Amino acid sequence: MTTPTRFEDGRTLTLAGLSERYDFTRLAELKLLWQRFAPMLGHVPGQHGHDSYGVCYNPDGQGAFDYLAGVEVTGTATLPEGFTRLVLAPQHYAVFEHRGSLQGLKATFDAIFEQRLPASGERQADAAVFERYPAGYDPAEPQALMEIWIPLERK
């Protein structure tokens, strides 16, 4: 497929979870952050809904970025020590799907940025990119489906 699954106007998202700084040489370590966060799913104060989010933000242009493993929360929730709150402003997004193992996620991201997004005629905006994992997502399920939301420049 050469185009996004769909385009969507997002809303303000207030997310909270665990965050660390990574670069492309440490991508395999993202699973350790998720392993630390997973037991908290469903128990985060002020959690809204059951989806979880992986957010890439604050890139430095040289391959380093902050990554948040989190859930949506109400804006007034008191968070546990060590949690990061991140507010994503509304954006226009290209939404892409990834089905299958998380081991193939890097290949999906590469295809999005090298082929699919350019073929769509859209340009990425300077805003956070995020993964949305639906409630009940099981990374061990071969047909597991998650979404990658790429913010777009407004035309």
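Data overview
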quantity	calculated
Alpha carbon convex hull of the chain, volume per residue in cubic angstrom	113 Å³
Positive-pole candidate from Leu33, Tyr133, Ala119, dipole of the chain, charges at beta carbon	Ala119
Cα-Cα separations in region 90-155 greater than 12 Å, expressed as whole percent	69 percent
GNM top mover of Tyr137, Tyr93, Tyr57 - the chain, alpha-carbon springs below 10 Å	Tyr137
FRET efficiency, Arg85 to Phe113 (Cβ-Cβ, R0 35 Å, nearest 0.05)	0.80
Charge dipole magnitude, Cβ of K and R +1, D and E -1 - the chain, Cα centre, debye nearest 20	100 debye
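Every number here is computed from the coordinates shown, using simple stated rules; none is lab data. Predicted model, so just to flag it, every value in this text is computed and none were measured. Virtual Cβ from ideal backbone geometry, glycine too; neighbours counted across all protein chains shown.
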